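Asker: Sending over a structure as structure tokens; questions will come in a sec.
The values are calculated or read from the model by the stated rules, or taken from the named source; none is laboratory data. Remember, predicted model here, so these are calculated numbers, not experimental data. Don't worry about glycine lacking a Cβ; one is built from the backbone with ideal geometry, like all the others, and counts go over all protein chains shown. Only protein heavy atoms, including side chains, enter the accessible area calculation; ligands, DNA and RNA are left aside. Shrake-Rupley method; radii C 1.70, N 1.55, O 1.52, S 1.80 Å.
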Amino acid sequence: MDGQNGIPRALVIGAGIAGMQAALDIANAGFEVVLVERQPSIGGHMLQLSETFPTLDCAQCILTPRTVEVGQHPRIRLYTYAEVDRVEGKAGRFRVRIRRLPAYVNWDLCTGCGLCQEKCPAKTSSEFEGGVGLRKAIYTLSPQAVPKKPVIDPASCIYFLRGKCRACEKLCPTKAIDFEQRETFVEEEVGAIVVATGFDLYPSAELGEYGAGKIPDVLTGLQFERLLSASGPTAGQILRPSDGRIPKEVVFIQCVRSRDPERGVPYCSRICCMYTAKHATLYKHRVPDGQAYIFYIDIRSAGKNYEEFIRRAMEEDGVLYIRGKVSRVFAQDGKVVVWGADTLSGRPVEIAADLVVLATALVPDPDAHRLAEVLGLELDADGFFREQEANLRPMETDRPGIFLAGAAQSPKDIPDAVAQAGGAAAKVLTLFRKWGGGGPSGR
Amino acid sequence: MVVPYFPGCTLSTKAQGMDRSARASLRALGLELQELPEWNCCGAAFPLTTDDLRLAGAVRNLVQTAALGQDRLLVLCSTCYNVTKRANRVMGEDGARRERINFFIEADYDGRVEVVHLLDFLRDEIGFEMLREKVVRPLEGLRLAAYYGCYLLRPAEEIALDDPENPHLFEDFLSALGVEPVEYPHRGECCGSYLALGAPEVALESSYRILSTARASGAEAIVTSCPLCHYNLDRPQQEMAVRYGGFHPLPVFYITQILGVALGLDTGDFGFEKHYVDPRPLLERIPVAAAIY
Amino acid sequence: MRIVLSQSVLQNDLLRRVEELSGQDVLACYQCGNCSAGCPVAGAMDLLPNQIIRLLQLGQVEAALGSRAIWYCAACLQCEARCPKGIDLSRLTEALRTLALEKGFRYIEIEELPPETLTEMPQQAFIGGFRKYT
Amino acid sequence: MRRIGVFICHCGFNIAGTVDVETVAEALRKYPQVAYAITYKYMCSQPGQDLIRQAIAEHNLDGVVVAACSPAMHEATFRKATASAGLSPYVCEIANIREQCSWVHQARPDQATVKAADITRTMVEKAVRDEPLEALSMPLTRRALVIGGGLAGMEAALEVAEAGYPVVLVERSDCLGGKVAKLSGVYLNFSAGPELIAERIRAVRGHPKIELHLSTEVASLEGYVGNFRVRLKPAGRPDSEAGEPLEVGAIIIATGFDLYPMALLGEYGAGRYPDVVSGLDFERMLASPDGLRRPSDGTIPKEVVFVQCVRSRDPERGLPYCSRICCMYTAKQARLYKRLVPDGQAYVFYIDIRSAGKGYEEFVQEAMQEDGILYLRGRVARVFPQGGKTVVWGADTLTGKVVEIPADLVVLATAAVPSEGAMELAQRLRVATDPYGFFSEAHPKLRPVESLTAGIYLAGAAQAPRDIPDTIAMAGGAAAKVLALFSQEKMTQEPTVAYVIEEICSGCGVCISACPYEARSIDERRGVAVVNPALCQNCGACVAACPNKAAQIRNWTADQVIAMIEALEL
């Protein structure tokens, strides 16, 4: 820093599992962290998951302590429902402008009692539930949200749409509802930045041959997670959306637009093989007399205890793996017919399924382009943040002081995202210590 | 308005009903079809090898169209439409191939003619809303299944008529006629095409799948714009009735026939008597338009 | 029969000619099977579409030429529409048919067709079919 | 009379799907000394924890029992919540009604409910007898020990040293760089291994904060997080004496991996046929200044067969797990081969192609499409010599045909196994491993870089096979944990350690030999046993050994255990 000390304070963008881990690793080493999350609460995609592979730990159970720890950490300043709007300066002294979206709720007054959500008359499709469940117009992502403060969605709020209702305002015991709220800006100064903006899923609307978005019993993997989840719309029961019946034949399709340079993305999405095996396993645990099928091209179970997990799915739960892609899915006679191929027997395969689950490709967060511009970073050809060098510098970027963690750099599973977040945190900590921050050195 | 028109071999012979119903219908809509004076066969199958000269026939028709001073060509038969449109693209895009073909047929054509099918022609030139107003015999209560087949949809980037996985143009057209279009899974699957010649058993199974799922989805008849699809779907139904238990015959209309009926035209020369499954009983259900009779 | 592989087997002239005629690169295929899954006539084939490409990848053009499957392809392009690597399989089968026909093989004999076929079938089926089969 | 609060978690579906939690709550409300009982969907969430805090205040509780998942999961969470309400964290107890009840009795919900109530009552009895202990405060040594001088170890050492803390780096061999230094190139950019890490090696060697010990291994370890005492000794010399103890506060294990022995691969002729080589041998051949030559006769191999999954994914004869790195390094080797021998042909036998990293899928697709490398989906069953060739018999499961390749060279991608001596080291460090000898992480999802022993962290392939970028990330992650530990003002330790009821201690010394942690000694002056709480790991060996019941563990006393047993309605 040209002989000058930088500010030993970090900005972490994105509060999914990678961002939270990076923030905690930095904060637990004694430094302040500004954590910015676009959603109303933290936890990211992991909070949407039911159980996690390969141990089948419940995601809520292992994650909520983390979200609580982040929410209560004395050295983490949390801005949710906010985005990084402008960044100036350089490593050691970045001036960051954060845009806080209007929640239409004064969070300082709100106690999170939940009365407004209970009484709100407007229901709409819930993004958190992947569209297979409903939420109110005033909502928190989940009952365990951190912070447990609701926001009003103007697109579904009756007052915003039609100019009357204001039921929440009347009922709120602390008078926290504020329909006049506008977006606000705050400025923060930090010395280093960790980008942990995660991933999104390939849009269902563009999966014509699979009937996604058209046939109700064709779901994405994330929607199926919500069906499996005890806190999901069916309280963990596997009921198919069209008629609420328990599906007895379930087909899982991998590589939906992954490894598909012609019509999707050229890369492998890395996590689908394992979560699909988990889906099939959990399905069998819930519906023991059902049959699960998985269409795959290559089974990629290359993590610790992953291969063993797949073997159990095949051998103990009788999940039938079929090596071949599915070309078409269509509705017929109350069934969802799947046309696939078994390249190993050399026969075409048709399955009249009750439910079809698509492992859609992971794509970069839709905001990555804007954010890359704000940060002065490069994206790779696929739209993920470009690391400085693929082998030895996977957490570093071309801009000193800005680091990458988790799926923002490329798709990765939870342990890999956590390890990389720790790695990014270490880079930040090393900088801060060099600038003379932190506690005593040496023995 | 005069519209240059390429009927193709089959419409001039074995599918004259399609040709006649087309001419009559478009006349009723105030359009005169002008048959290309010296048209020739389009080639019937887009060449899949690097042998460009097989495109010459289709290109010749386009050259004629351009020579008439016209900038578009209406092609009704799906097969001809597919071949001609793709040949036109080659002429419009590929320098070396264009040069070779031009040299061979002694022309200087650059793909300037737009190849249109009845569906996009009606949508863009007349408008489905306007068409709806012209309908004097609304086909209300008639549940028809649009059959796209291959040639109206694929290859998607070359044909670009509709979304190849979830098309709706044909259904939109039928709706304008008052029809209740029936969606069914196999409207874009292949009927078997020329396998009728080389592997009739295989073609039969393909068309059976299309017919049976259309019926299961509630269709009372199928509508197509391809004489070969028509042949594959219509003719073997007797055989299907023998082979597959529970099979019920399903009439197959040409798109132009159904248009003519809705426009209240005299269907006497529409060629219904040549269909294997007689579609006329179904039409008897539709009230005859007062304006005509 | 064990297929014996070597560089000379993999890169034979016949394969080169198939690639030339079709304009397709068989090595682009990574054997996902989508073509077979969507092929409307795969059920009647002795080899699946992906296996035809596979044989070509192994340099086994003769084996592919000898299959019934190449004559069943109606060029409906469903495989091409959904191939993740942009391979047009119908062009490969066309090239294989062309090679077979060049060698004098006829999939159908026009003289042997039943007379009602000739009177009733649309012209386009003849022209298309004769081009593919004779 | 105590006032115990009981908090029963639904754990979403996990507990409440089997156990009738309301019935359990009702049963506990009637139990002596229980002042309050309630259920909630996720007790570990913020509202769940708030519920506990509020109840402590409103109902004047002096003890807490949370009936939920295993204490390994959330004991710390709930103790923190209890402490934040002003109580000692050690009056908070966890009744495990998930792993030990709902999960294992799904088929019998009624009995599971009875058992859940039973388990909860036992913990109430324990809580009633809990002392409000305070955490013990310990000194902290801010120096790290890194074991292993490969990529992971160097990276971790550099991160910690760059942050200003001294590091002792121990490497068994006589050079730094590990496996990566032996590579002819790495995938994605084909840069050579030695060049790639030369800068790292220089940085380690020249770093003033890094004390490097080559040809050295760890002889013994004593102590605990923040206060380890480690002795080193010359590597590979069993008779040599261990040196003076070094004090370190944290340890990073980065011992990497080895390859499955070639000698055990009969059907591939490894070790017997000169032209059958391992992947690591092939790396050397690729880097040879004389160009690529096959071992038998020095000719340039024109037909090269690569065989993947050699004893990986092979529970019968090898290892059940996937070695994770072979798919990519095989693709890289085949592509490097094509660069050296453009007119050669490469074949790869595989089961599944696992190219799931950034740019990896594209790399493999280019190998197939641009370099014409033929991928064959199937295993190789036999390899035998014939007329100067090495013939490979394999299968192509996609055509359903068997294939034969008369090859010039066969390269085996042998399984990655734990580094030699990893099990021994694990015993010396008292760190858990999996059955194969890879070091066990504290939690596979959220704590992948921590071992199950506090203060000992894991980096790289020592935990499981992983490639270079994943190793770099994980080494950084381990370093971050060390930096967080070192940043603390002081170290705290659990007070639930052993103590001696001196009145009944006879000073017999049985407990001293029973203690595996050297935490006990005899106070010669008073003739009684004493405990060093810093070393005690509350294992209970002394309690079992003591003939007089003078050895006890705080908040795990004999009285408590007996009361817990008596609480069961048997």
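Asker: Filter segment C:70-101 for residues that are of a type in the set (Gly, Ala, Ser), surrounded by 22 or more Cβ atoms within 10 Å (Cβ to Cβ) and closer than 26 Å to A:Cys255 by Cα and give the result.
Answerer: Quick first cut of segment C:70-101, residues of a type in the set (Gly, Ala, Ser) only: C:74-75, C:81, C:86, C:90, C:95, C:100.
From what's left, surrounded by 22 or more Cβ atoms within 10 Å (Cβ to Cβ): C:74-75, C:81, C:90, C:95.
Correct list: C:Ala75, C:Ala81, C:Ser90.
Asker: Inspect segment A:420-430 for any residue being surrounded by 24 or more Cβ atoms within 10 Å (Cβ to Cβ), of a type in the set (Lys, Arg), part of a helix (DSSP H, G or I) and modelled with pLDDT of 95 or more and give the result as yes or no. Break it down stepwise before answering.
Answerer: Looking only at segment A:420-430, we keep the residues that are surrounded by 24 or more Cβ atoms within 10 Å (Cβ to Cβ), and these are A:420-429.
When the remaining residues are screened for being of a type in the set (Lys, Arg), the result is A:427.
Then drop every residue that is not part of a helix (DSSP H, G or I), which leaves A:427.
The next check asks that each one be modelled with pLDDT of 95 or more; those that pass are A:427.
Yes, segment A:420-430 contains a residue that is surrounded by 24 or more Cβ atoms within 10 Å (Cβ to Cβ), of a type in the set (Lys, Arg), part of a helix (DSSP H, G or I) and modelled with pLDDT of 95 or more.
Asker: Would you mind finding the one in A:Val68, A:Val132, A:Val146 that is away from chain D (no Cβ under 14 Å) and of a type in the set (Val, Ile, Thr)?
Answerer: Values: A:Val68 fails: away from chain D (no Cβ under 14 Å); A:Val146 fails: away from chain D (no Cβ under 14 Å).
Sole residue among the options that is away from chain D (no Cβ under 14 Å) and of a type in the set (Val, Ile, Thr): A:Val132.
Asker: All but one of (1) among the hydrophobic types (A, V, I, L, M, F, W, C); (2) open to solvent by less than 10 Å² (accessible area, probe 1.4 Å); (3) outside any loop (DSSP other than H, G, I, E, B) hold for A:Leu161, so report the exception by its number.
Answerer: Here A:Leu161 meets the rest and fails (2).
Asker: Within segment D:372-404, which residues are more than 9 Å from every other protein chain (Cβ to nearest Cβ), open to solvent by 20 Å² or more (accessible area, probe 1.4 Å) and in a loop (DSSP other than H, G, I, E, B)?
Answerer: Of everything in segment D:372-404, those that are more than 9 Å from every other protein chain (Cβ to nearest Cβ), open to solvent by 20 Å² or more (accessible area, probe 1.4 Å) and in a loop (DSSP other than H, G, I, E, B) turn out to be D:Arg379, D:Gly387, D:Gly388.
Asker: Is it the case that D:Glu494 is free of Cβ contacts under 8 Å to residues at least 40 places away in the same chain and away from chain A (no Cβ under 11 Å)?
Answerer: No.
Asker: Could you please give the count of residues in segment D:160-175 that are open to solvent by less than 50 Å² (accessible area, probe 1.4 Å) and away from chain A (no Cβ under 14 Å)?
Answerer: Of the residues in segment D:160-175, the ones open to solvent by less than 50 Å² (accessible area, probe 1.4 Å) are D:160-161, D:163-171, D:173.
Okay, now just the ones that are also away from chain A (no Cβ under 14 Å), so D:169-171, D:173.
Qualifying residue count for the region: 4.
Asker: Please return the ranges of strands (runs of 3 or more DSSP E) entirely within segment A:31-108 where 1 or more residues are of a type in the set (Gly, Ala, Ser).
Answerer: Values: elements: A:32-36, A:76-79, A:82-90, A:93-100.
It comes to A:82-90.
Asker: Let me ask something additional. Pairs only if they're at least six apart or on different chains, beta carbon under 6 angstrom, first in segment D:265-285 and of a type in the set (Gly, Ala, Ser), second open to solvent by 50 Å² or more (accessible area, probe 1.4 Å); list them, first residue then second.
Answerer: Pairs that qualify, where the first residue is of a type in the set (Gly, Ala, Ser) and the partner is open to solvent by 50 Å² or more (accessible area, probe 1.4 Å), are D:Gly271/D:Ala263.
Asker: Regarding C:Leu48, is this residue touching a strand residue (DSSP E or B) at 6+ places or on another chain (Cβ under 8 Å), within 27 Å of B:Pro185 (Cα to Cα), within 7 Å of another protein chain (Cβ to nearest Cβ) and not polar (S, T, N, Q)?
Answerer: On the way: touching a strand residue (DSSP E or B) at 6+ places or on another chain (Cβ under 8 Å): yes; within 27 Å of B:Pro185 (Cα to Cα): yes; within 7 Å of another protein chain (Cβ to nearest Cβ): yes; not polar (S, T, N, Q): yes.
The answer is yes for C:Leu48.
Asker: Here is a further query. Out of segment A:143-176, which residues are modelled with pLDDT under 95 and β-branched (Val, Ile, Thr)?
Answerer: A:Val146, A:Thr174
Asker: Does D:Ala57 satisfy the criteria of being aliphatic (A, V, I, L, M), away from every other protein chain (no Cβ under 12 Å) and surrounded by fewer than 19 Cβ atoms within 10 Å (Cβ to Cβ)? Quick ask: steps written out before the conclusion?
Answerer: Details: aliphatic (A, V, I, L, M): yes; away from every other protein chain (no Cβ under 12 Å): yes; surrounded by fewer than 19 Cβ atoms within 10 Å (Cβ to Cβ): yes.
Against the criterion (aliphatic (A, V, I, L, M), away from every other protein chain (no Cβ under 12 Å) and surrounded by fewer than 19 Cβ atoms within 10 Å (Cβ to Cβ)), D:Ala57 qualifies.
Asker: Kindly indicate which of B:Val116, B:Val202 is in contact (Cβ under 8 Å) with a residue 24 or more places away in the chain and crowded, with 17+ Cβ neighbours inside 10 Å.
Answerer: Sole residue among the options that is in contact (Cβ under 8 Å) with a residue 24 or more places away in the chain and crowded, with 17+ Cβ neighbours inside 10 Å: B:Val116.
Asker: With (1) open to solvent by 10 Å² or more (accessible area, probe 1.4 Å); (2) in contact with an Asp or Glu (Cβ under 9 Å, 6 or more places away or on another chain) as the list, and D:Gly63 as the residue in question, which single condition is left unmet?
Answerer: (1)
Asker: Do any helices (runs of 4 or more DSSP H) entirely within segment B:180-283 hold 3 or more residues that are over 29 Å from C:Gly129 (Cα atoms) and acidic (Asp, Glu), and if so, which?
Answerer: Details: elements: B:195-198, B:200-216, B:227-234, B:237-243, B:255-262, B:280-283.
By residue number, no helices (runs of 4 or more DSSP H) qualify.
Asker: Condition first: under 22 Å from A:Gln409 (Cβ atoms), in contact (Cβ under 8 Å) with a residue 12 or more places away in the chain, open to solvent by less than 10 Å² (accessible area, probe 1.4 Å) and among the small types (Gly, Ala, Ser). Can you find one or more residues in segment A:264-272 that meet it?
Answerer: Yes, segment A:264-272 contains a residue that is under 22 Å from A:Gln409 (Cβ atoms), in contact (Cβ under 8 Å) with a residue 12 or more places away in the chain, open to solvent by less than 10 Å² (accessible area, probe 1.4 Å) and among the small types (Gly, Ala, Ser).
Asker: Report whether or not B:Val75 is within 22 Å of the chain's Cα centre (by Cα) and at negative phi.
Answerer: Details: within 22 Å of the chain's Cα centre (by Cα): yes; at negative phi: yes.
Considered against the rule, which asks whether it is within 22 Å of the chain's Cα centre (by Cα) and at negative phi, B:Val75 comes out as yes.
Asker: Now, a different point. Quick one: which strands (runs of 3 or more DSSP E) lie wholly within segment B:53-153 and hold at least 3 residues that are within 24 Å of B:Ala28 (Cβ to Cβ) and at pLDDT 95 or above? Step through it out loud before you land on a result.
Answerer: Values: elements: B:72-75, B:114-116, B:143-146.
Ranges flagged: B:72-75, B:114-116.
Asker: Looking at segment D:311-329, is at least one residue crowded, with 23+ Cβ neighbours inside 10 Å and more than 14 Å from chain A (Cβ to nearest Cβ)?
Answerer: Scanning segment D:311-329, I find no residue that is crowded, with 23+ Cβ neighbours inside 10 Å and more than 14 Å from chain A (Cβ to nearest Cβ), so the answer is no.
A quick yes/no check of all residues on (1) within 33 Å of the chain's Cα centre (by Cα); (2) closer than 22 Å to D:Val225 by Cβ; (3) at the interface with another protein chain (Cβ under 10 Å from one of its Cβ atoms); (4) open to solvent by 20 Å² or more (accessible area, probe 1.4 Å):
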| residue | (1), (2), (3), (4) |
| --- | --- |
| D:Gln111 | no, no, no, yes |
| D:Lys126 | yes, no, no, no |
| D:Glu134 | yes, yes, no, yes |
| D:Ser137 | yes, yes, no, yes |
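Asker: Within segment B:154-179, how many residues turn out to be over 28 Å from C:Phe126 (Cα atoms) and either outside any loop (DSSP other than H, G, I, E, B) or in contact with a strand residue (DSSP E or B) (Cβ under 7 Å, 6 or more places away or on another chain) (or both)?
Answerer: Count: 8.
Asker: What residue, of B:Gly192, B:Gly260, is open to solvent by less than 50 Å² (accessible area, probe 1.4 Å) and on the phi > 0 side of the Ramachandran plot? Talk me through it step by step, then tell me what you get.
Answerer: Details: B:Gly260 fails: on the phi > 0 side of the Ramachandran plot.
Answer to the check: B:Gly192.
Asker: Follow-up question, since we're still on this one. What are the pairs with Cβ atoms under 8 angstrom where one residue, in segment A:282-307, is within 11 Å of chain D (Cβ to nearest Cβ) and in contact (Cβ under 8 Å) with a residue 24 or more places away in the chain and the other, located anywhere, is assigned to a helix (DSSP H, G or I) and of a type in the set (Phe, Trp, Tyr)? Sequence gap at least six, or different chains.
Answerer: A:Ser301/A:Phe309
Asker: Based on this model, can you work out whether D:Thr397 counts as farther than 22 Å from D:Val146 by Cβ, touching a Lys or Arg at 6+ places or on another chain (Cβ under 8 Å) and polar (S, T, N, Q)? Before the answer, list the steps.
Answerer: On the way: farther than 22 Å from D:Val146 by Cβ: yes; touching a Lys or Arg at 6+ places or on another chain (Cβ under 8 Å): yes; polar (S, T, N, Q): yes.
The answer is yes for D:Thr397.
Asker: Looking only at residues in segment D:1-52 that are among the small types (Gly, Ala, Ser), over 30 Å from A:Leu282 (Cβ atoms) and in contact (Cβ under 8 Å) with a residue 60 or more places away in the chain, which one is nearest to the other protein chains (Cβ to nearest Cβ)?
Answerer: Pass one, segment D:1-52, residues among the small types (Gly, Ala, Ser): D:5, D:12, D:16-17, D:25, D:27, D:35, D:37, D:45, D:48.
Keeping just the survivors that are over 30 Å from A:Leu282 (Cβ atoms) gives D:5, D:27, D:35, D:37.
Subset that is in contact (Cβ under 8 Å) with a residue 60 or more places away in the chain: D:5, D:27.
Working: D:Gly5: 19, D:Ala27: 23 Å.
Only one residue tops the list, namely D:Gly5.
Asker: Run A:Thr174 past the list (1) surrounded by fewer than 19 Cβ atoms within 10 Å (Cβ to Cβ); (2) of a type in the set (Val, Ile, Thr); (3) under 30 Å from A:Ala18 (Cα atoms) and report the number of the one that doesn't hold.
Answerer: (3)
Asker: Would you mind finding the one in D:Pro448, D:Pro469 that is facing chain A (nearest Cβ under 8 Å), surrounded by 22 or more Cβ atoms within 10 Å (Cβ to Cβ) and either over 17 Å from A:Lys304 (Cα atoms) or touching a strand residue (DSSP E or B) at 6+ places or on another chain (Cβ under 7 Å) (or both)? Show your work before the answer.
Answerer: Details: D:Pro469 fails: either over 17 Å from A:Lys304 (Cα atoms) or touching a strand residue (DSSP E or B) at 6+ places or on another chain (Cβ under 7 Å) (or both).
Only one candidate passes the filter, namely D:Pro448.
Asker: With the structure loaded, tell me whether C:Asp46 is in contact with a Lys or Arg (Cβ under 6 Å, 6 or more places away or on another chain), open to solvent by 40 Å² or more (accessible area, probe 1.4 Å) and without any contact (Cβ under 8 Å) to a residue 24 or more places away in the chain or whether it fails that test.
Answerer: Values: in contact with a Lys or Arg (Cβ under 6 Å, 6 or more places away or on another chain): yes; open to solvent by 40 Å² or more (accessible area, probe 1.4 Å): yes; without any contact (Cβ under 8 Å) to a residue 24 or more places away in the chain: yes.
So C:Asp46 passes the test.
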